[in-house]
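This report refers to the structure that appears directly beneath it.
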Amino acid sequence: MPITDRALKRARKGLLFAGLSLLLFNLYFMLTGHSSAYALPTSVQVDVPIERLAFLLSRTGCCLVIAVFDRFFRRANVVLLPTITVLTILGNSLLSLAAHQTLVPMHMLASGGGIVAGFGYAWFLLSIFRLFRKNGSMWHIAVLFVISYALSNFAKSVIHALAPPQWLPLIVLLLILIMGISLFLAQRLLGVDEAPRLPPMKRGLDITKQLLKSSEAMRAQVILLLASSLALVIMAMTNPGGLWGNARFEDNIAYPVPLTLIEVIGYACIALPLYYFHTHKTSGFWAQAPAIFTFAGLFLLEYLQVGNADTSIALALSAIVELLTWLTYSICITSCMRVFPLSSVRVVGVIATINFTLQLLSMLFVEGNLPTISICVLVVGASYLLALLASLKAQDTPRMGGGGGGAGKPGKLSRVATDLNTRIEVIAHNDNFTQRETEKHHL
């Protein structure tokens with residue numbers, strides 16, 4: 001069915017609202033998680049803040065439940081969006097009011113707010129990312145992600161510089177309200193598209209078969225997703241703040257806006273060319289280049305921390321590495337939604353559950369232990385590089401074939417056929433072809 005100009009304009013507007021929703025989602029969470037307005041008084045704080053634990057458990061459990069009962073989420077998402085928006089506002093309000101009232105014990109009210117806020121966080125996360133499954137090419141989605149993460153980081157710095165801490169809860173509530181409206185408009189414009197329904201007993205087998213028979217590009221995306229997930233966990237261990245770590249509050253740090261602007265420009269200058277080649281060449285070095293840059297940044301951060309480098313330089317580099325890590329993770333989620341024959345809600349739910357569980361375990365057992373964190377960086381980085389070298393070596397292994405190739409040499413016709421099939425798969429992945437369209441191009 002041909003795409004009309006009206007449908008194309010509608011899709012572009014929908015993607016803009018989806019990108020705006022992602023921007024506001026990142027901004028509201030960063031303001032909540034790194035602001036002293038949401039922290040309890042120092043006299044009542046404990047080693048593991050119960051409100052933080054409640055939030056992490058709530059968002060992890062919510063993602064797991066939605067991944068299991070994805071059909072209910074798909075049917076009720078649009079209908080319940082206003083209710084979820086109000087609940088998220090309520091949860092953040094309870095978090096900000098916990099330390100300024102005496103009717104209810106602080107920890108009890110903060111824990112209730114953490115549970116409700118965690119539920120709203122998970123619901124919005126799944127609702128936003130499912131919009132990117134079949135709308136736009138991977139390059140366009142990458143550009144949208146780069147802009148969203150850059151603007152949200154810059155806006156956070158501007159708000160911290162201009163607004164006093166006591167205003168931040170009101171600003172966050174306004175952001176959540178606008179985010180709910182933007183997400184509603186994006187859903188109306190883009191609609192909902194899901195994978196074909198599969199028999200329950202065949203879903204797990206189908207995913208396994210898909211991984212075993214998938215191209216190098218698809219397997220590379222899975223490796224990249226695991227690497228970016230572990231990098232996010234490491235960033236959470238080394239860079240906790242606000243309600244989620246009580247290590248530092250960004251509204252109390254003399255962090256000039258021009259420095260943030262330099263961070264954002266540097267991040268964009270790295271991310272845009274990096275993901276241009278990554279989305280157009282989905283095999284070989286460029287398939288893993290984002291994770292290589294991310295782990296290089298993590299190793300550099302470890303070196304700066306050991307060498308007691310300037311705080312501004314360390315914070316700037318940390319912000320760039322964190323943005324690149326989130327960007328890599330987000331693009332990998334989008335790629336996995338387009339690869340696996342499951343609903344986008346289930347794919348994102350499973351990935352988020354695994355990542356949130358790892359963050360929860362790291363908070364309970366590793367966070368704050370700098371030697372252990374350094375060992376984790378070295379072990380994870382070394383394991384990833386070994387897996388990458390093995391993957392690249394497997395791609396360079398000569399293939400036997402006819403067409404004039406001698407014994408032990410790859411046949412010319414075999415190489416041409418392999419390159420052509422790989423190119424077709426890359427185009428089908430980037431332009432979101434259906435399985436039938438991909439098969440026709442192979443023929």
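The values are calculated or read from the model by the stated rules, or taken from the named source; none is laboratory data. In this text the structure is predicted, and so the values were computed from the model without any measurement. Using ideal geometry, Cβ is built from the backbone for each residue, glycine included, and neighbour counts are taken over all protein chains shown. SASA here: full protein model, heavy atoms, side chains in, ligands and nucleic acids out. Shrake-Rupley method; radii C 1.70, N 1.55, O 1.52, S 1.80 Å.
Couple of notes before you dig in:
- Contact map, the range 255-274: residues that are in contact (Cβ under 8 Å) with a residue 60 or more places away in the chain and at negative phi paired with residues that are open to solvent by 60 Å² or more (accessible area, probe 1.4 Å) and assigned to a helix (DSSP H, G or I), Cβ distance under 6 Å, separation 6+ or inter-chain. Pairs shown: Val257/Ala161; Thr260/Phe154; Val264/Phe154.
- Output for the range 311-351, where each listed residue is touching a residue at least 60 places away in the same chain (Cβ under 8 Å), of a type in the set (A, V, I, L, M) and either closer than 12 Å to Ser228 by Cβ or open to solvent by less than 30 Å² (accessible area, probe 1.4 Å) (or both): Ala319, Val321, Leu323, Leu327, Ile331, Ile333, Met337, Val339, Leu342, Val345, Val348, Ile351
- Residues satisfying the stated conditions in the range 180-197, i.e. at pLDDT 75 or above and either within 21 Å of the chain's Cα centre (by Cα) or closer than 30 Å to Leu95 by Cβ (or both): Gly180, Ile181, Ser182, Leu183, Phe184, Leu185, Ala186, Gln187, Leu190
- Matching residues, the range 262-282, being in a helix (DSSP H, G or I) and open to solvent by 30 Å² or more (accessible area, probe 1.4 Å): Ile262, Ile265, Cys269, Ile270, Leu272, Pro273, Tyr276, Phe277, His280
- Residue list for the range 93-112, filter: of a type in the set (S, T, N, Q), more than 17 Å from Leu57 (Cβ to Cβ) and in a helix (DSSP H, G or I): Ser93, Ser96
- Where a residue in the range 81-95 is charged (D, E, K, R) and its partner, wherever it lies, is modelled with pLDDT under 90, with Cβ under 8 Å and at least six apart: none
- Failed item in (1) closer than 15 Å to Thr32 by Cα; (2) under 23 Å from the mean Cα position of the chain (by Cα), with Val68 passing the rest: (1)
- Exactly one residue out of Leu162, Leu151, Leu177 is open to solvent by 60 Å² or more (accessible area, probe 1.4 Å), modelled with pLDDT of 90 or more and over 22 Å from Ile89 (Cβ atoms), and it is Leu151.
- Subset tally (residues that are out of contact with any Leu (no Cβ under 9 Å at 6 or more places or on another chain) and not aromatic (Phe, Trp, Tyr)) for the range 123-143: 6
- Index of the failed condition, Pro200 passing every other in (1) open to solvent by 20 Å² or more (accessible area, probe 1.4 Å); (2) modelled with pLDDT of 70 or more: (2)
- Considered as a group, the residues in the range 42-87 that are closer than 12 Å to Leu126 by Cα and among the basic types (Lys, Arg) include one that is modelled with the highest pLDDT, and that residue is Arg59.
- The range 107-148, subset free of Cβ contacts under 8 Å to residues at least 60 places away in the same chain and closer than 17 Å to Gly33 by Cβ, residue most open to solvent (accessible area, probe 1.4 Å): Val116
- Residue count for the range 84-114, restricted to those that are hydroxyl-bearing (Ser, Thr, Tyr) and more than 24 Å from Phe73 (Cβ to Cβ): 4
- Residues that are in contact with a Phe, Trp or Tyr (Cβ under 8 Å, 6 or more places away or on another chain), among the polar types (S, T, N, Q) and more than 28 Å from Ile262 (Cβ to Cβ) within the range 138-191 comprise just one, Ser182.
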